[in-house]
Amino acid sequence: MRVVDGRASISTDILAGYAADAAREVDGVRALVESRRHRHRGVRVNGESGAHRFEVHVETEWGASIPDVAREVQQRVRDYLARMADVEAEAVDVVVDDVGPAA
């Protein structure tokens, strides 16, 4: 964390880590899907002008309701970021990249 003009700021890497932790807690999420091409580890953060947008890439379990899992990921990410970093997410987009057998 660095201090700018007397205010604390949190790096987008830390925020991405928090979002990833929250997403992994959701029932029906098998894993986060990493992208070497776009250079992210399952979560991309766009934090322009203090408005943070999160893109969470997940693999869901076969048989899980994808809309329900996506809504739960969105809510958990928002809640976790608010609690841990006092950050309000402008948007949490969930991308289901794969579906696989339950762990």
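Laid out as a table, the results:
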{"quantity": "Residue in segment 82-89 that is of a type outside the set (A, V, I, L, M, F, W, C) and modelled with pLDDT of 95 or more present", "calculated": "yes"}
{"quantity": "Residues within segment 50-86 that are closer than 27 Å to ARG7 by Cα, crowded, with 21+ Cβ neighbours inside 10 Å and aliphatic (A, V, I, L, M), tallied", "calculated": "2"}
{"quantity": "Single residue of segment 56-81 satisfying the filter (touching a residue at least 12 places away in the same chain (Cβ under 8 Å) and of a type in the set (S, T, N, Q)) that is farthest from ASP93 (Cα to Cα)", "calculated": "SER65"}
{"quantity": "Which listed residue is in a loop (DSSP other than H, G, I, E, B), among the acidic types (Asp, Glu), surrounded by fewer than 20 Cβ atoms within 10 Å (Cβ to Cβ) and at pLDDT 95 or above, from ASP27, ASP93", "calculated": "ASP27"}
{"quantity": "Selection count where residues are in a strand (DSSP E or B) and hydrophobic (A, V, I, L, M, F, W, C), scope segment 42-89", "calculated": "6"}
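The values are calculated or read from the model by the stated rules, or taken from the named source; none is laboratory data. All figures in this text were calculated on a predicted structure; none of them were measured in a lab. Quick reminder, even Gly has a Cβ in these numbers, built from the backbone with ideal geometry, and neighbours come from all protein chains shown.
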